[in-house]
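Heads up, the thing below is written out as structure tokens.
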Amino acid sequence: MIPPRTRATAAAVAALSLALAACGSRVDHDTVVRSVGGGGQVATGAAGADTSVGADGTSDAISGDGASDDAASGSGAGTSGGGSGGSASGGGGKTARSGGGPIVIGSVGTTSGPGGVAFAQGPRALQAWAATVNSQGGINGRKVQVIVMDDGADASKGRSQMQELVEQRKVVAIVASFTTTQTMNAWKSYVEKMKVPVVGGDCSTTAWTASPMLFSECPGTDSALDGLAQVGAKYGKGKKLGALFCTDSDACTHVQDRFFGSGKAAERYGLDPVYNAKISVTQPDFTAECIQARNAGVDLMLVTGDPNTVNRVASSCSRQNFTPQFLQPGATVDGATASKPGLKNVLAVTPTFPFTGSTAAGFGQFNAAWKKYGGGKAPGPAAAQGWASAKVFEKAARGAGEISRAGLIKELTTFRGQRFDGLTVPLTYVAGKGTTDTKCAFGMRGSGGTWTAMSGGKAFCW
């Protein structure tokens, strides 16, 4: 256990998810559009197509113009039969208290192309949650329908998709929005004007704690970065910090400034920043940077970029017989990271529950759902964040009575220090302000090729 008053947090994934939207390899979009219902049939459509989970847990492919090829059940977005997408949430998103059509929610984010490698597990976890809830009778007797739209990290496309979801699909909320800061900025004022709650996502921007319609499942960005510095100072094998910051995103620049610039997080929490350099996520080799870091006496190495970039850095350093301990935000690692050369002793931090090894009361349901609907891949940080986002929405929906946009917002703003069976940091939402920052998060350690959750997966605070 981490002693009181000296507890370190581990949450810098929030600040670095944005960096991943500019990097990585193309994700296999089929991993997002597979059926997540019990025996449901899936229409995958073209790569990059948008998808929805029907009220029975099946997925639909939705073309760019909003037309849909419904799955075999005929319960996809825009269909009738027990209530259409319109009748389920028409009149500003209002719905009946019980019975009737499905509860329609949307998710706008980057699930293909550059960035999809980091984000795709988020909406997939949302789909897995919907299938699980629907198999248990839904919410207040109503099934849940999820419409996932892929913005391709294109701000204008994301804005138009958001408008379609709100005005045509009549969603009551946006849930698990994994997208870039630029794209969020393109639609943030719109959801504020339309009073549509956006519940959870990649947590990459300070907007999550600066809008009355954004309800984050994570701590704030700068708090998360300060927490990362504390983890390194407390658990690292040394104090001399080196870092490689990608040039592909403003988020990397922000992290550099927070640690090595005006934020002085490294020095404030007991680390000695001795080396940093700029890199590209497309860079194939990092031998020169590894030699420079070794010559500077680096004990701890921080790399901003996607998991593949971190793997290449560690491999390059290993070839030079330089084996620093890596200190990584959650978004820069995945389930396989701890088994890679040079990364068998790694510290990672996540803003929501650890994606493996947690003893939290709510972890078992996630673990079972991911094994059934996760497509055979080990979960990573985005999967945990997507599931946590869904659980925040679920609690609001079950308590709202009338499941409408206004009803959900009213219920969300009653939350005070909610932890969702140990899956999140204490969450508080305030009417007219949105998410309140919190200085708590979760830590993980990669050792001997496997991940373990610090403190049994309990959140720790400072």
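The values are calculated or read from the model by the stated rules, or taken from the named source; none is laboratory data. Since the model is a prediction, treat every value here as computed from it, not as a measurement. Here the Cβ is made from the backbone with ideal geometry for all residues, glycine too, and neighbour counts use every protein chain on show.
So for segment 416-430 (the condition being surrounded by 19 or more Cβ atoms within 10 Å (Cβ to Cβ), in the same structural domain as M213 (by TED's automatic domain parsing) and touching a Pro at 6+ places or on another chain (Cβ under 6 Å)), does at least one residue qualify? The answer is yes; a qualifying residue exists.
The set of residues from segment 234-269 being without any contact (Cβ under 8 Å) to a residue 40 or more places away in the chain and not polar (S, T, N, Q) comprises D257, F260, G261, K264, A266, E267. Given the criteria surrounded by 24 or more Cβ atoms within 10 Å (Cβ to Cβ) and within 22 Å of the chain's Cα centre (by Cα), does S211 qualify? Spelling it out, it is not the case that S211 is surrounded by 24 or more Cβ atoms within 10 Å (Cβ to Cβ) and within 22 Å of the chain's Cα centre (by Cα).
Rundown of residues vs (1) at negative phi; (2) out of contact with any Cys (no Cβ under 9 Å at 6 or more places or on another chain), yes/no style:
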{"position": "T180", "(1), (2)": "yes, yes"}
{"position": "A186", "(1), (2)": "yes, yes"}
{"position": "V191", "(1), (2)": "yes, yes"}
{"position": "M194", "(1), (2)": "yes, yes"}
{"position": "P197", "(1), (2)": "yes, yes"}
{"position": "G200", "(1), (2)": "no, no"}
{"position": "T206", "(1), (2)": "yes, yes"}
{"position": "F215", "(1), (2)": "yes, yes"}
{"position": "P219", "(1), (2)": "yes, no"}
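Checking N308 against (1) surrounded by fewer than 24 Cβ atoms within 10 Å (Cβ to Cβ); (2) in a loop (DSSP other than H, G, I, E, B), only one condition comes out false. Which one? Tallying (1) surrounded by fewer than 24 Cβ atoms within 10 Å (Cβ to Cβ); (2) in a loop (DSSP other than H, G, I, E, B), N308 fails exactly one: (2).
Name, by its number, the condition in (1) assigned to a loop (DSSP other than H, G, I, E, B); (2) under 16 Å from F442 (Cβ atoms) that does not hold for G297. Against the list (1) assigned to a loop (DSSP other than H, G, I, E, B); (2) under 16 Å from F442 (Cβ atoms), G297 comes up short only on (2). The set of residues in segment 255-307 that are over 27 Å from A382 (Cβ atoms) and of a type in the set (S, T, N, Q) comprises S262, T287, Q292, N295.
From the list F393, F366, F355, the lone residue that is modelled with pLDDT of 95 or more and more than 17 Å from V133 (Cα to Cα) is F355.
Taken over segment 314-332, the residue count meeting the criterion of being in a helix (DSSP H, G or I) and crowded, with 24+ Cβ neighbours inside 10 Å is 5.
G137 meets the conditions (1) assigned to a helix (DSSP H, G or I); (2) without any contact (Cβ under 8 Å) to a residue 12 or more places away in the chain; (3) among the small types (G, A, S) in every case but one. The failed one is (1).
Yes or no: segment 225-245 includes at least one residue that is under 24 Å from Q283 (Cα atoms), hydroxyl-bearing (S, T, Y) and either modelled with pLDDT under 95 or out of contact with any Asp or Glu (no Cβ under 6 Å at 6 or more places or on another chain) (or both). There is no residue in segment 225-245 that is under 24 Å from Q283 (Cα atoms), hydroxyl-bearing (S, T, Y) and either modelled with pLDDT under 95 or out of contact with any Asp or Glu (no Cβ under 6 Å at 6 or more places or on another chain) (or both).
Within segment 92-117, restricting attention to residues that are within 22 Å of A388 (Cβ to Cβ) and at pLDDT below 75, which residue is surrounded by the fewest Cβ atoms within 10 Å (Cβ to Cβ)? My answer is V117.
Tallying residues that are modelled with pLDDT of 95 or more, on the phi < 0 side of the Ramachandran plot, not hydrophobic (A, V, I, L, M, F, W, C) and not in a helix (DSSP H, G or I) within segment 396-424 yields 7.
Taking the numbered list (1) among the aliphatic types (A, V, I, L, M); (2) out of contact with any Phe, Trp or Tyr (no Cβ under 6 Å at 6 or more places or on another chain); (3) modelled with pLDDT under 95 in turn, A338 passes all entries but (2). For the structure I just gave you, tell me whether V349 is among the aliphatic types (A, V, I, L, M), surrounded by 19 or more Cβ atoms within 10 Å (Cβ to Cβ), in contact with a helix residue (DSSP H, G or I) (Cβ under 7 Å, 6 or more places away or on another chain) and assigned to a helix (DSSP H, G or I). Here the answer is no, as V349 does not meet what is asked. Residues in segment 427-450 that are under 22 Å from the mean Cα position of the chain (by Cα) and not in a strand (DSSP E or B) were compared, and the one that is modelled with the highest pLDDT is T428.
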